[in-house]
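The next block holds one structure in the form of C-alpha cells; read it before the comments.
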Amino acid sequence: MVLELPPFYFRVRENGALVFRVDTANRQKRIEMEPIATVNIRNGEIKPQGGRALSATDLEAIENWVQERRGLLARRDMDDIHRAVDHLNLTSQWAQSKASEAQLEAVTDALLLAMHDLRTILVRKKADRLAGPSAAPPER
C-alpha cells in the first residue's frame, strides 16, 4: 500500500499553526518535515521561518488552510453552544429530580449569576437585532 502524504503539515497551536513542508523524496525514504512558516489564525499573519521566502504555492496552501481552520473553529463554537443548551437542560432536570440540598447550595449562586449575565446579554443583543442596524449602540 503506497501512502501519499500531503505536501504540507500544519502543527496546530493555540493561535494558529507551525507549517512544515513534507518531503519523502530523499535517498533514505524517510519523512522529513522542514519548518517553513508560522501562522496566526486570528489576524492571518504568515511569518516565514529561517529567512526563507515562501513560494506562491506555499502561500496558497497556507491561506487555504487558514480559511478551512477558521470554518472548522466556527462550527466547533456553534457546536459548543448547542452543547451548552443541552447542559442547561440537563442541569434543570438534575436540580429538579436528583440534587440534594447541599449540592444545590453549592452551585445555586454561581448558576444564577451566570444565567443572569447570559440573559442580560441575550436580551440586549435581541433588542439590538430587532431595532435594526441604525439603532445599535456601541459594543460593550
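Each value in this text was obtained by applying a stated rule to the coordinates, not by laboratory testing. Everything numeric here is computed off the predicted structure, so don't read it as measured data. Note that each Cβ is placed from the backbone with ideal geometry, even for glycine, and that neighbours are counted across all protein chains shown.
What the Cα convex hull of the chain gives, in volume per residue, is 254 Å³.
If you put +1 on each Lys and Arg Cβ and -1 on each Asp and Glu Cβ, how big is the dipole of the chain around its Cα centre, in Debye rounded to 20? Approximately 220 debye in magnitude. Positive end of the charge dipole of the chain (Lys, Arg +1 and Asp, Glu -1 on Cβ, about the Cα centre): tell me which of 74, 87, 10 has its Cα farthest that way. So the residue we want is 10. Based on Cα contacts under 8 Å between residues 6+ apart, the chain shows a relative contact order of 11 percent. Helix 101-131 and the longest principal axis of the C-alpha atoms of the chain enclose an angle of approximately 80°.
Within region 27-73, the trypsin sites (Lys or Arg not before Pro) that combine a DSSP coil assignment with at most 15 other C-beta atoms in a 10 angstrom radius are 27, 29, 30, 42, 52. Estimated from the Cβ-Cβ distance and a Förster radius of 35 angstrom, the FRET efficiency linking residue 128 and residue 89 is about 0.85. With springs connecting C-alpha atoms under 10 Å apart, model the chain as a Gaussian network and identify which of 59, 118, 72 has the largest mean-square fluctuation. Comparing 59, 118, 72 in a Gaussian network model of the chain, the most mobile one is 118.
Of the GluC sites (Glu not before Pro) found in region 2-63, those that fall in a DSSP loop while having at most 13 other beta-carbon atoms within 10 Å are 4, 14, 45.
Angle of helix 56-97 to the longest C-alpha principal axis of the chain, folded into 0 to 90 degrees and rounded to 10: 20°. Measuring r between the beta carbons of residue 28 and residue 49 and using R0 = 22 Å, the FRET efficiency lands at 0.40.
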